[in-house]
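A short write-up of the structure that comes next.
The values are calculated or read from the model by the stated rules, or taken from the named source; none is laboratory data. Quick caveat: nothing in here was measured; it's all calculated off a predicted structure. Glycine also receives a Cβ, built like all others from the backbone with ideal geometry; neighbour counts cover every protein chain displayed. Side chains are part of the model used for accessible areas, which takes the heavy atoms of the whole protein and leaves out ligands, DNA and RNA. Shrake-Rupley method; radii C 1.70, N 1.55, O 1.52, S 1.80 Å.
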Amino acid sequence: MAERLLIRALKGGQNTKIITLNGKKLTKMPSTLEKLPGLRTLNLQNNQIPKVCPELSTLTQLTALNLGNNLLEEVPEEMKYLTSLKKLHLFGNRIDRFASGACDGLQNLILLNLNNNRLTWLPEEISRLRSLKYMSINHNQLASLPAELCLLENLSELQLNYNKLVCIPEEIKLLKKLHKLLLVRNNIETFPPGLCDLTKLRILDVAGNNIQVFPPKFQNLKLREFYCEDNPLLLMTPIVTIQQEDIWSLQEIASRFVMNQLTEENSFVTQAIELYPQIRSIISRGKKCTICGKFFLTVWLECVQFAPPSKNCKISRNLQLIPLQVFVCSYRCFTQRGDNLFGIVEA
Ligand SMILES: [Zn+2]
């Protein structure tokens, strides 16, 4: 039947650039496709196709392929021959894996839609889709993301709503062109500080996660829309704390000294540190005190600061203040804090 329908669709002659066989109950792809090497658009949406045909690999001029709402179980290997492909729709299948090599030839792919499938992981090879701008993998079972995803430097829109993500990679900061990031209904608890380096990010939706507090430089983001309803955000409830100053370890005292001398550009310390990679690695974990601005190694106290969202940003209803994570170096600094800073006490 597939062949008959294709022939009918070909009334326009073999120079036809577009074939649409939407909702025709096809159970296989028409293999006569190989007679159409100039085909640009192939729409086989809403059929019952479990597998692509090998002849698909001859369609090297194809720029748009829609196999949405079929019965595919993998992103097929044949995709690697579709070197002109710009838009690939595979939503609403049963896909739980990428065939090996599937990403190899898709250097021109701009849009990938894998919504409503069964993916639990993404392959590292996803980084080969280097022209990709729009990626949508909503309603899958993703539990983690490979760091290689963050090598897609042209990515502008990333939709990962309704998955099982608990975190996002620190490398997210490499997605310099990211404009829209949607992470609704996952299990995310914390964001990597690198998120705050995304200077192009304008839309962030993290509704329905397990977020209590946002990273320290969150206010650096220039968001136009920010949604975070249904998260256990920390609320502004003051707690009186009386805590004695801890006795610092020798490592803490030495690290604080070295780090603060380095910021003052002490030339002796700057030169000496070059010879001690181990010390450089230790102090790379240093943090800056929100109150006095000095560096320290071991967090004396994690606090939360409540900041108003920026004025021109559309936000969740009910969101008046955003809880931001901040660090304080000592009890002395903690006692000098403003009204807006609270210690976090483990419940
Ligand atoms: Zn301090």
Return the total of residues in the stretch 331-345 being of a type in the set (A, V, I, L, M) and within 13 Å of the ligand (Cβ to nearest atom).
-> 1
Just checking, which of R280, R285 is under 17 Å from L250 (Cα atoms), away from the ligand (no atom under 16 Å from the Cβ), of a type outside the set (D, E) and touching a Leu at 6+ places or on another chain (Cβ under 7 Å)?
-> R285
Can you name the residue in the stretch 139-152 that is in a loop (DSSP other than H, G, I, E, B) and under 12 Å from the mean Cα position of the chain (by Cα) and, of all such residues, is farthest from E170 (Cα to Cα)?
-> L142
Picking from S281, S310, the residue that is surrounded by fewer than 16 Cβ atoms within 10 Å (Cβ to Cβ), under 20 Å from L195 (Cβ atoms) and either modelled with pLDDT under 85 or out of contact with any Phe, Trp or Tyr (no Cβ under 7 Å at 6 or more places or on another chain) (or both) would be S310
In the stretch 116-129, what residues are open to solvent by 30 Å² or more (accessible area, probe 1.4 Å) and closer than 21 Å to H139 by Cβ?
-> N116, R118, T120, W121
Would you call N266 farther than 16 Å from E302 by Cα and modelled with pLDDT of 90 or more?
-> no
Options R224, R202, R256, R185: the member that is touching a residue at least 40 places away in the same chain (Cβ under 8 Å) and over 22 Å from C329 (Cα atoms) | R224
Exactly one of V258, V269, V304, V328 is within 14 Å of the ligand (Cβ to nearest atom), among the β-branched types (V, I, T) and open to solvent by less than 50 Å² (accessible area, probe 1.4 Å), and that one is V328
Are any residues in the stretch 171-204 under 10 Å from the mean Cα position of the chain (by Cα) and closer than 22 Å to L119 by Cβ, and if so, which ones?
-> E171, I172, L175, L178, K180, L181, L182, L183
The stretch 59-72: number of residues that are farther than 20 Å from I137 by Cα and surrounded by 17 or more Cβ atoms within 10 Å (Cβ to Cβ) | 3
